[in-house]
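Take a look at the structure below.
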Amino acid sequence: MARRKYVVGNWKMNGLSDAVAEAGAIFGAAKDYPAVDVALCPPFTLIGALVAAAPGSAVGGQDCHAAPSGAYTGSVSAPMLADAGATLTIVGHSERREGFGESDADVKAKAEAALAAGLSVILCVGEPRAIRESGGAIDHVLVQVRGSLPDAFDPTRLAIAYEPIWAIGTGLIPTVEDVAAMHGSIRAALSERIGAGAQVLRLLYGGSVNGDNAAELLGAGDVDGALVGGASLTAAKFLPIVAAGAGLP
């Protein structure tokens, strides 16, 4: 079945108040590509400002705590994100799994908390280079998928982003055939888990996506969009990826 392309920018720990104008330019120009859903996930400090600058646009968080409130200094809950105007959040990004030791169970709890707060979720999975080179990439990722998925969810409110860890920010990318094989394997595992809903849920690719390679990557089998890092920080670099999602040069 046809699934709308979904292109999401993850600004990571980048962006001060002067970046709001750039986000406004991105959202304004994205209206020229109505066939593509576009979202930006800025630092927590900019969510409210982006929501105010681009009403009706999809603005999200980059993470959330599993608890709705409590003594968790420095953390942000899913209800707080929603209260700030966010409509989605990323969970399980490799930089959280690798740098902060988040387990599949942690990611599952965060995803469930976000869905309960009314947010949509982008759930990230991916393998390190050693696993890829050993031939165990697909098995590794499917373990993450099965362990991180909420027990029950609306597939229209959850997307899975496959991000080979070794490709993030390095300029390295797997072959298009490898990306298609991974996404196809994830789709098959989802079919076993949720049946027909697997044909609704969108699968994104993340890992050194840019204007030069986006068309090829987004054209691969079972790739429904992209989770974009550094190239999402400016309209000049991000919009060519959105255009590729729309099937335009």
(message) Give me the percent relative contact order of the chain, please, defined on Cα pairs under 8 angstrom at least 6 residues apart.
(response) 22
(request) State the dimensionless ratio Rg/Rh of the chain (Rg: radius of gyration of Cα atoms; Rh: Kirkwood radius). (result) 0.93
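Figure the gain on full extension for ALA35 and THR170 (residue separation times 0.36 nm, minus the Cα-Cα span) and round it to one decimal in nm.
Values: separation 135, 0.36 × 135 = 48.60 nm, distance 2.96 nm.
Taking ALA35 through THR170 to full extension adds about 45.6 nm, to one decimal.
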(request) Note down the nm distance, to one decimal, between modelled labels 7 Å out along Cα→Cβ at ASP212 and at ARG157. (result) 4.1
(request) State, to one decimal in nm, how far the label point of SER191 lies from the label point of PHE44, with both points 7 Å from Cα in the Cβ direction. (result) 4.1
(message) Run the simple label-point estimate for ASP83 and ASP178 please: 7 Å along Cα→C-beta, distance reported in nm.
(response) 4.4
(request) Express in nm, to one decimal, how much length is gained between THR234 and VAL200 on full extension, taking 0.36 nm for each residue of separation and deducting their alpha carbon distance. (result) 9.2 nm
(request) Under 28 Å Cα to Cα from LYS110, which lysines show up? Leave out anything in the same chain fewer than 8 places away. (result) LYS5, LYS12
(request) Write down the percent of antiparallel bridges among all DSSP beta bridges whose residues are both part of the chain, to the nearest 5. (result) 0
(message) Give the average over all directions of the projected area of the C-alpha convex hull of the range 145-249, one decimal, in nm².
(response) 6.7
(message) Along each principal axis of its Cα atoms, how long is the range 16-113 end to end? Whole angstroms, biggest number first, please.
(response) 40, 26, 22
(message) Per DSSP helix of 4 or more residues, -39500 (n - 2.57); summed, then divided by the residues of the chain. What does that give at 222 nm, rounded to the nearest 500?
(response) -11500 deg cm²/dmol
(request) Tell me which residues come under 5 Å, amide H to amide H, from THR89 once H is placed; ignore anything under 5 positions away on its chain. (result) GLY61, SER120, VAL121, ILE122
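Every number in this text was worked out from the coordinates using simple rules, so none of it is lab data. All values derive from a computational prediction rather than experimental measurement. Don't worry about glycine lacking a Cβ; one is built from the backbone with ideal geometry, like all the others, and counts go over all protein chains shown.
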